[in-house]
1. Just add up the charged neighbours of Gln107: K/R +1, D/E -1, any other residue whose Cβ is under 11 Å from the Cβ of Gln107.
2. Applying 1/(1 + (r/R0)^6) with R0 = 22 Å to the Cβ-Cβ distance of Phe101 and Arg62, what FRET efficiency is obtained, to the nearest 0.05?
3. Sort Tyr79, Tyr66 by Cβ crowding within 10 Å, fewest neighbours at the top.
4. How far apart, in nm, are two points set 7 Å out from the Cα along the Cα-to-Cβ line at Tyr43 and at Arg118?
5. Mind computing the radius of gyration and Dmax over the alpha-carbon atoms of segment 33-141? Å is fine for both.
6. Which order do the peptides 57-63, 39-45 come out in when sorted by mean C-beta neighbours inside 10 angstrom, highest first?
7. Could you grab the relative contact order for segment 25-109? Cα pairs under 8 Å, six or more apart, rounded to a whole percent.
Amino acid sequence: MKKSLSIFIIFILLATISISATSAITIEEKPTTTGTFTGEIGYLRSRELNKVGEISGTYEQRNRVYTFYGDWEMTTGQYAGTKGTMKGAFGKNILLGRITFSESSRQAPIIGFIDFRRDTREFGGRFMSIIGPALYFKGTFL
């Protein structure tokens, strides 16, 4: 009984210390930034992007995380005419999200890498899903 009472008191002390410490921290939220993006997706052949589709949409920045919502469409190849939506988030270089196929409403997760050139307002990267091959993407943002 004495051991459990001592452990209980220690947990209460730790909880009050952490609560008082978190109340002293103020998180300053930066103003949000919104914009649009357009680009293309495809395979990399001979260091050039062989375009098979297009992407477009909007993004919003909150502190260090960006969220995006947009549309994608396959324009050439076996799956030409396939369309859908995409949404997700990305941080420093990691992209996480979900794509939806318009015809069947099927969804698939995506994960990838993204890189920005803020001076030229360009982005690029690579993503993959459980459906289809890993594709590269590049484009511009405003």
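Read-outs: derived from the displayed coordinates by stated rules, not from any lab. Everything numeric here is computed off the predicted structure, so don't read it as measured data. Counting neighbours? That spans all protein chains shown, and the Cβs are built from the backbone with ideal geometry, glycine included.
1. +3
2. My answer for the efficiency is 0.20.
3. Going from sparsest to densest Cβ surroundings: Tyr79, Tyr66.
4. Taking the simple label geometry, Tyr43 and Arg118 are separated by 3.6 nm.
5. 13.3, 40
6. Final packing ranking: 39-45, 57-63.
7. The normalised contact order for segment 25-109 reaches 19 percent.
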